[in-house]
Amino acid sequence: MKRKGNPITRKELTITSRSMRFSWGLFGFEACLTVIFLIAIAVLGVENRYSYVRSNASRFSSFIAIFPAVSIAELCIVALIIPVMTATLISGEKERQTFDIMLTTQIKPMQIVVGKMMSSVIKVMTYVIMSIPIMAVGFTLGGISWWALLFFLVFTLLTALLEASVGIFCSAACKRSITSILLTYFIMGLIYMGTFLPIFITALMDSFMTVFTGESLAMSGSMLALLPNPVVLFVEYFSLALGGESYFVKEMVDEGLPILSFMGEKCVWLIISSIVILLLSYLFLRLAARAVDPLRGGRGQASKAKTAVNYTPVRQEESRQNIAGGYGQEESRQNIAGTYGQEENRQYTE
Amino acid sequence: MLTIEGLYKTYGKQMAVDGLSLHIPKGELFGFVGPNGAGKTTTIRIVCGLLKETGGRVLIDGKELAKEPDAVKRCIGYVPDFFGVYDNFKVSEYMEFYGSLYGISGEECERLTTDLLALVNLSEKREEYVDSLSRGMKQRLCVARALLHDPALLILDEPSSGLDPRARVEMKELLMNLNSMGKTIVISSHILSELSEMCTSIGIMDHGRLVAVGKIDDILNGGQSSEQTREKQIAVLEVSREHHEDAVTRLRQFTDFSIESVMENKIEIGYEGDEVRLNELMMEIMKQGVILSGFYQKRENLEVKFMQLTGSGEDTEHEA
Ligand SMILES: Nc1ncnc2c1ncn2[C@@H]1O[C@H](COP(=O)(O)OP(=O)(O)OP(=O)(O)O)[C@@H](O)[C@H]1O
Ligand SMILES: [Mg+2]
């Protein structure tokens, strides 16, 4: 029986499946979602009670809002736990030197990195898939197609891929897991929020322009910066799934952006954004593979310099002691030599 | 087998390996000795492709590490000085995992695992968790792992650190056994006498430089064998407790040698001469009615030599 797949993913999953942490994590994850689900229902119930129109139809259609509420909560949890999951994946193995052993085998750094990434994506997707029953209530009540659910899973997978790739990169680049977690949050923060910066600047300039010249600026160019942003991907997806209108594509087509106008389809943003996110994940994986490859100048000069600070004094201390004990004084030298020889002799004659 | 040419490695300003050149022929059991910080680990890590050299070349079987890293890695089995294992992982899975990293899987891997575990004496631990093994067992498991892809060269960094005497002897036997099976083995250690018992040749390293290399006897004699016999030698006499006091008083009457130290059941004497002289002395001593349970010449020369060779860099260290 020849087993296929990345051996590292397989190893990680074997180890994970034996630890209680994974089960408790799963339990916690589903418990959180259930609580959010119940809160959402309660809020909707209160709203319905005080609304003027009290037909059954409107009562049910408002349940549609459960779906985005629960899925956004789910995404937030995914975004928070992946950095924690991935933080120790590389740095932990480096600590035990199992990473060195791995590097002396035939496996390529890229395979190691991809294997690690896949294992955490599979873990997170298990959480997400386990929560489908909770989401399904929102579906059956709100009347959303099953296709929408499938796409939700695909986009969650993409987000998880990006998060995990960034997380692996940080784990490879940082020595300590806490810095790795923080760096992952920081980079993801840049992707989630920093990508709005071009729009913000354009909007600012637009306001000045309208005041001074009366012309208005096209916004759609700076919107392209939002393509790698999974949050925007989900906003677009929800607006399509719930209302059937595409916010971003419409805006761009209206402004006549050439690349997009010929594709004037509804889901073009979703497709392009997915591709951009995939490419970005790949880029981070490549960077991670580079960072762990010792022969390509990897392992970071910076981190090496840092270890030198911690490392050298200890070593020197050690060798000083050795010198003092070993050959500092004439008589003690003989003694040490004597006991050494004896001890060794005794051990081997046993 | 392994050729190192003018290897340099610096960490920032610090020189860890300083122009090391070395050739180890096939079938050797080569020992790398040196005090802490001599650069043994650094050299070994460079040879295994885990560290980028600052200058110089490493060739294994005529293949250059920098040019064909994959081919070179296939020839090397590496056992690091310190290593951890995964929790929640069984011995058989451990072997299977590393097997799959070498592209060995299925039945072949099963067969290799069985053979190798038998070789390192861990057959009955096959289904136990790796983290439940003792340190010596982990070390042997790591050796078995390093042999999975049948490398021609086995490199071990301080294989006996942290092992008890019995485990050391077992490790030594394992290595000598592997060597007799045709593997070239390189091991590093702080302790010269330990290596001298198993290695076919040794290299003594200090401050990143090789200060001596060759067969043990050559290093010891170093062309000064006549001088050596004039040096004071130490012999250890083993005396049982009830005869101890009597032996000491009797030995004090001799003028051919001096009593160096008296321990609970051992007496060390210093004399001049070679082994024949020692035997003569022993005859004399026994004739005088001293009851000995044994005697041997202390192999302190190795350590003294080691101290002399590695002590030379002491001054440069203080300057640095
Ligand atoms: N990662 C590192 N960063 C900076 N300096 C280092 C690093 N690793 C080793 N060194 C320095 O390189 C020199 C050689 O170290 P190395 O670990 O090779 O010695 P060693 O012979 O293996 O010693 P030991 O017997 O203690 O294992 C030491 O002076 C050490 O301070
Ligand atoms: Mg070392």
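The values are calculated or read from the model by the stated rules, or taken from the named source; none is laboratory data. Since this is a predicted model, take the numbers as computed values, not measurements. Glycine also receives a Cβ, built like all others from the backbone with ideal geometry; neighbour counts cover every protein chain displayed. SASA here: full protein model, heavy atoms, side chains in, ligands and nucleic acids out. Shrake-Rupley method; radii C 1.70, N 1.55, O 1.52, S 1.80 Å.
Might you check whether a residue that is assigned to a strand (DSSP E or B) and either open to solvent by less than 10 Å² (accessible area, probe 1.4 Å) or away from chain A (no Cβ under 11 Å) (or both) occurs anywhere in segment B:84-105? Within segment B:84-105 (the criterion being assigned to a strand (DSSP E or B) and either open to solvent by less than 10 Å² (accessible area, probe 1.4 Å) or away from chain A (no Cβ under 11 Å) (or both)), the answer is no, since none of the residues qualifies.
Only one of the listed residues (B:T113, B:T43, B:T54) is open to solvent by 10 Å² or more (accessible area, probe 1.4 Å), β-branched (V, I, T) and assigned by TED's automatic domain parsing to the domain that holds B:I187. That residue is B:T54.
Residue check: B:K125 meets all listed conditions (1) more than 20 Å from B:L163 (Cα to Cα); (2) open to solvent by less than 60 Å² (accessible area, probe 1.4 Å) but one, namely (1). When the residues of segment B:11-50 are narrowed to those that are more than 11 Å from ligand 2 (Cβ to nearest atom) and out of contact with any strand residue (DSSP E or B) (no Cβ under 7 Å at 6 or more places or on another chain), which ends up farthest from the other protein chains (Cβ to nearest Cβ)? Out of the qualifying residues, it is B:P25. Figure legend. Inter-residue proximity from segment B:62-75: first residues within 23 Å of B:I104 (Cβ to Cβ) and within 11 Å of chain A (Cβ to nearest Cβ), second residues of a type in the set (K, R) and open to solvent by 40 Å² or more (accessible area, probe 1.4 Å), beta-carbon distance below 7 Å, spacing 6+ or different chains. Indicated pairs: B:A71/B:K63; B:V72/B:K63.
The one condition from (1) open to solvent by 40 Å² or more (accessible area, probe 1.4 Å); (2) at pLDDT below 85 that A:V231 does not meet is (2). Within segment B:74-97, the set of residues being modelled with pLDDT of 90 or more and touching a Pro at 6+ places or on another chain (Cβ under 9 Å) comprises B:R74, B:C75, B:I76, B:G77, B:Y78, B:V79, B:E96, B:F97. Total residues in segment B:10-40 satisfying the condition of being closer than 18 Å to B:G203 by Cβ, among the small types (G, A, S) and open to solvent by 40 Å² or more (accessible area, probe 1.4 Å): the figure is 2.
Output the residues belonging to segment B:119-175 that are in contact (Cβ under 8 Å) with a residue 40 or more places away in the chain and farther than 26 Å from A:I107 by Cβ.
Residues satisfying the conditions are B:N121, B:S161, B:E170, B:L174, B:L175.
Could you look through segment B:233-251, keep only residues that are within 14 Å of another protein chain (Cβ to nearest Cβ) and among the hydrophobic types (A, V, I, L, M, F, W, C), and pick out the one that is farthest from the chain's Cα centre (by Cα)? Residue satisfying both the conditions and the ranking: B:L237. B:E170 falls short on exactly one of the conditions (1) modelled with pLDDT of 85 or more; (2) more than 10 Å from chain A (Cβ to nearest Cβ); (3) within 16 Å of ligand 1 (Cβ to nearest atom), and that condition is (3).
If I ask for residues that are more than 16 Å from ligand 1 (Cβ to nearest atom), more than 12 Å from chain A (Cβ to nearest Cβ) and open to solvent by 20 Å² or more (accessible area, probe 1.4 Å), which ones from segment B:140-163 would you list? B:R140, B:D150, B:A152 - these are the residues of segment B:140-163 that are more than 16 Å from ligand 1 (Cβ to nearest atom), more than 12 Å from chain A (Cβ to nearest Cβ) and open to solvent by 20 Å² or more (accessible area, probe 1.4 Å).
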